[in-house]
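Data block below; observations after.
The values are calculated or read from the model by the stated rules, or taken from the named source; none is laboratory data. All values reported here derive from a predicted model rather than from experimental measurement. FYI the Cβ positions are ideal-geometry reconstructions off the backbone, even for glycines, and counts take in every protein chain you see.
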Amino acid sequence: MRPTGAFPATRMRRMRRDNFSRRLMRENVLTANDLIFPVFVLDGEQRTESVASMPGVERVSIDRLLLVAEQALTLGVPALALFPVIDAAGKTDGAEEAWNPDGLVPRTVQALKARFPELGVITDVALDPYTSHGQDGLIDPRDPRGYVMNDETLEALAKQALCHAEAGADVVAPSDMMDGRIGRIRTELDRAGHIHTRILAYSAKYASSFYGPFRDAVGSAGNLGKGNKYTYQMDPANSDEAIREVALDIAEGADMFMVKPGMPYLDIVRRVKRELEVPTYVYQVSGEYAMLKAAGANGWLDEKACAMEALLSFKRAGADGILTYYALDAARWMKSGA
Ligand code: PBG
């Protein structure tokens, strides 16, 4: 099957010799079209807070987010993924704030879509910003180990997704890993006439320690405490299980399929794209960003070169799109040709 050749007739370095021939044989390219920018939004006005474990990432109020959105559009980044920072008063055991039509997420969606109708707006569907315990679902009050209940959580997620769709979200992105949530959400959206609202399923979401800085960013780390998400997020040891998860989400009606985290899971991205042939996304998560930032700040790595190499590696593995905190920087670097 593979063409064979042998030295000295075959010299692999011949094509690498000059810039023109290196460019001609390049198999994958990264463009701004591949990028989704995750953003953290706060209540109030004229507010900007930095995130200690994610240098360069800020939590901003809606008025300031509009400026960020404008930059994204100018740079050709197609979509933002919204993550709300909910203050302690908004967190309850039942996560009721998650489907408040006047809540932070619906207000943010409305503001973004009113000002920039062409910008893709993706919302996260999971209860963790809203629960007093920091879990993505509702906890069984009778269970001493605090099991996160599946079917009861589905009802909450369906209400949350509908609330986002009613506010005008283009894409809802369930990141909670409950069984059956894609089907339940699709039914809820369709029943209300939201047949065009897309679902980006976090299908293969692993119980990863690389999410640490994100939990600081949204302020759920303290609530979660020593808790973990092992009873619903996937075991990092597994690969076939990811294929089953994606297959289920295909059957339930998702439009886009995510693998998360990114760089430690390139093999999963590859398998999903190769074996299931679906629109495949990958999330370069907070911990991956923090590592690159920290090494760059210390002068141990060339941050820009390493960040761009990591993003290109997602494309090579088969990703159609990448959620990355580097989205705007990467788009800017590509534009300046640097
Ligand atoms: C929670 C959620 C998490 C991330 C996105 N949505 C964290 C978690 O599952 O605890 C992580 C993103 C990142 O680390 O950048 N539903």
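Filtered by the rule that a residue be loosely packed, with under 12 Cβ neighbours inside 10 Å and either among the aliphatic types (A, V, I, L, M) or outside any loop (DSSP other than H, G, I, E, B) (or both), segment 34-49 gives a lone residue, T48. Can you name the residue in segment 111-138 that is over 19 Å from the mean Cα position of the chain (by Cα) and within 15 Å of the ligand (Cβ to nearest atom) and, of all such residues, is surrounded by the fewest Cβ atoms within 10 Å (Cβ to Cβ)? The selected residue is H133. Please work out if Y232 is assigned to a loop (DSSP other than H, G, I, E, B) and either within 13 Å of the ligand (Cβ to nearest atom) or over 22 Å from Q160 (Cα atoms) (or both). Yes; evaluated as a whole, the condition is true for this residue.
Scanning segment 221-267 for residues that are surrounded by fewer than 19 Cβ atoms within 10 Å (Cβ to Cβ), hydrophobic (A, V, I, L, M, F, W, C) and within 21 Å of D128 (Cβ to Cβ) gives A221, L224.
Among what's in segment 276-299 and is touching a strand residue (DSSP E or B) at 6+ places or on another chain (Cβ under 7 Å) and within 13 Å of the ligand (Cβ to nearest atom), pick the residue that is nearest to L311 (Cα to Cα). Per the stated criteria, the residue is Q284. Taking the numbered list (1) more than 19 Å from the chain's Cα centre (by Cα); (2) touching a residue at least 60 places away in the same chain (Cβ under 8 Å) in turn, A88 passes all entries but (2).
Scanning segment 107-164 for residues that are farther than 16 Å from M178 by Cα and in contact with a His (Cβ under 7 Å, 6 or more places away or on another chain) turns up V109, T123. Among the residues making up segment 113-154, those that are of a type outside the set (G, A, S), assigned to a helix (DSSP H, G or I) and out of contact with any Leu (no Cβ under 9 Å at 6 or more places or on another chain) are N150, D151, L154. Are any of the residues in segment 89-97 outside any loop (DSSP other than H, G, I, E, B) and within 14 Å of the ligand (Cβ to nearest atom)? Taking every residue of segment 89-97 in turn, none turns out to be outside any loop (DSSP other than H, G, I, E, B) and within 14 Å of the ligand (Cβ to nearest atom). Residue count for segment 211-263 under the criterion of being touching a helix residue (DSSP H, G or I) at 6+ places or on another chain (Cβ under 7 Å) and not β-branched (V, I, T): the result is 20. Before we move on, is S208 surrounded by 17 or more Cβ atoms within 10 Å (Cβ to Cβ) and of a type in the set (S, T, Y)? Yes: the conditions hold for S208. Take the conditions (1) outside any helix (DSSP H, G or I); (2) under 18 Å from the mean Cα position of the chain (by Cα); (3) more than 25 Å from D320 (Cβ to Cβ); T108 misses just one of them, which is (1). Residues in segment 300-329 that are within 16 Å of the ligand (Cβ to nearest atom), under 13 Å from Q284 (Cα atoms) and aliphatic (A, V, I, L, M): A307, A310, L311, A319, I322, L323, A327. Pairs are defined by a Cβ separation below 7 Å, a sequence spacing of at least 6 or placement on different chains, a first member in segment 103-123 that is under 19 Å from V77 (Cβ atoms) and touching a residue at least 40 places away in the same chain (Cβ under 8 Å), and a second member that is part of a helix (DSSP H, G or I) and β-branched (V, I, T); the pairs so defined are T108/I62; A111/I62; V121/V109; T123/V105; T123/V109.
Residues in segment 197-226 that are outside any strand (DSSP E or B) and either within 24 Å of S50 (Cβ to Cβ) or near the ligand (Cβ under 10 Å from one of its atoms) (or both): 19 in all. Can we say A161 is under 13 Å from I199 (Cα atoms) and either modelled with pLDDT of 95 or more or in a helix (DSSP H, G or I) (or both)? It is true that A161 is under 13 Å from I199 (Cα atoms) and either modelled with pLDDT of 95 or more or in a helix (DSSP H, G or I) (or both).
Residues in segment 295-312 that are in contact (Cβ under 8 Å) with a residue 24 or more places away in the chain, surrounded by fewer than 18 Cβ atoms within 10 Å (Cβ to Cβ) and not basic (K, R) were compared, and the one that is farthest from S208 (Cα to Cα) is A297.
Taking each residue of segment 177-200 that is under 19 Å from E245 (Cα atoms) and looking for partners that are part of a helix (DSSP H, G or I) and basic (K, R) with beta-carbon atoms closer than 8 Å, six or more apart or interchain, yields I199/R186.
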